[in-house]
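Rule-based calculations on the coordinates, nothing more; no lab input. Not measured: the values here are computed from a predicted model. Here the Cβ positions follow ideal geometry from the backbone for every residue, glycine too, while neighbour counts run over all protein chains shown.
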Amino acid sequence: MRIAFVCKRRYMGKDVILDRYARLYEIPRQLARLGHTVESICLDYRTGTEPGRWEHQAAPGTLHWEAHAPGRFGFGMVSYPWRMLARLRDFAPDLVVGASDIPQVALGAWLARRLRVPFVADLYDNFEGFGQARIPGMVPLLRRAVRQASLVTTTSEPLRRYVQETYGLQGMVVAMPSSVDKQVFRPSDRIDSRKALGLPLDAPLIGTAGGLYRDKGIAALYDAWKHLQRDCPHAHLVLAGPHEASLPPPQGDRVHYLGAIAHDRVADLFCALDVGVMCILDTPFGRYCFPQKAYEMLACRLPVVAADVGAMGALLAATPACLYRVGDAADLARRLRAQLESPTLPAVPIDDWQTLIARLEPELKALVGAGAAA
């Protein structure tokens, strides 16, 4: 198959192309590794960036990445859809995949319709919970685009159900959680990991990594730390990632803020900790997301405590000791103390990206076959 993959370039603070990062990189890469010809076209929303083209090794197929920028003052955004249509007419794809946010899913649907090929929408989160959704007209735009899809992939089962029940789809909806690179996220020696990050070697460490933002629920951990620093006098808190000026990390000689760290260093952090924390709020975003961080922590064989909401509640249902009531700092502190005293490691199978995309490939082939027959 000849597959066009349309997405934004910046994803979760990473450069999809240069960092070869996560879902938006692995879907086209794994399709190419199955023997397909994949053209991935990314838009960088930031002005002042340069376009480029790269070929990445993905034999037996081929994988090209093409980056576009909005141009000076963003004027290039107006003509971007038409330029991409001309570009894909030359490429002649058998199907188009739109991913990453509302504009890119809508663009993918528009391109597929004009190229008269099947459209696949990949929803790595509930995009209705993104800031873009507050712009008038964006949610209807998203829903129209997704309704045009012959196949929709979602990052969680709750999101699959929501899309199926709310969007009025004609096509199929499949839950396909994001996986992790198991060559990076794997168990390693705890002492070596602590040394690599300059952390205490013999203290109990709890912590997390990622966006330390109020709307991601991090305030619950900060409030829980007030209980833990009193009740667990030897425990330390470790945090990594960007934060809001209005909600800085706690202070003290038992708090270690590492700032924003590289992706592979996050694996070192998870191997260094005794307990990992996943804070999520009961919001339209939190109810339907599947935090990739959960798989990253569990792949490092790190005991966890997570908010009991959405996909996390289902993922950890067999180990209720790993779940805390959403927004309840006292309950989170209790669960963390229990995990420090008697660790529980959830037995959660984690399929790698190769397995996930191999499972999806027959559905894509069927769409192309049906389109050709029509």
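Before moving on, here are some points about what is shown:
- Residue order for 89, 325, 33, fewest other beta carbons within 10 angstrom first, comes to 89, 325, 33.
- The gain in end-to-end length when the residue 365 to residue 46 segment is fully stretched comes to 111.3 nm, 0.36 nm per residue minus the alpha carbon separation.
- With Cα atoms, 0 to 90° folded angle of helix 353-373 axis to the chain main axis: 20
- Amide H contacts of residue 11 (H built 1.01 Å from N, under 5 Å, at least 5 apart or other chain): 16
- Scanning residues 5 or more positions from residue 261 or on other chains, those with amide H under 5 Å from its amide H are 241, with H placed 1.01 Å from N in the peptide plane.
- Shape category assigned to region 190-341 from the gyration tensor of Cα positions, a/c cut at 1.5: rounded
- Links that overshoot a 22 Å alpha carbon limit, given the list 195/216; 182/293; 195/226; 216/293; 14/216: 195/216; 195/226
- Rounded to the nearest 20, the Cβ-based charge dipole of region 190-341 about its Cα centre (Lys and Arg +1, Asp and Glu -1) stands at 60 debye.
- Look at [x] 1.44; [y] 1.03; [z] 1.23: the one that is Cα Rg over 2.2 N^0.38 Å derived from this structure is [y].
- Measuring spread by the Cα atoms of region 1-54 yields a radius of gyration and Dmax of 11.4, 36 Å.
- Difference of contour (0.36 nm per residue) and Cα-Cα distance, residue 202 to residue 350: 50.3 nm
- Only one residue of 358, 348, 93 has its Cα farthest out toward the positive end of the dipole of the chain, where Lys and Arg carry +1 and Asp and Glu -1 on Cβ, and that residue is 93.
- Taking the C-alpha atoms only, the angle from helix 102-115 to the longest principal axis of the chain is near 20 degrees.
- Chain lengthening between residue 134 and residue 255 when straightened (0.36 nm per residue, less Cα-Cα): 40.0 nm
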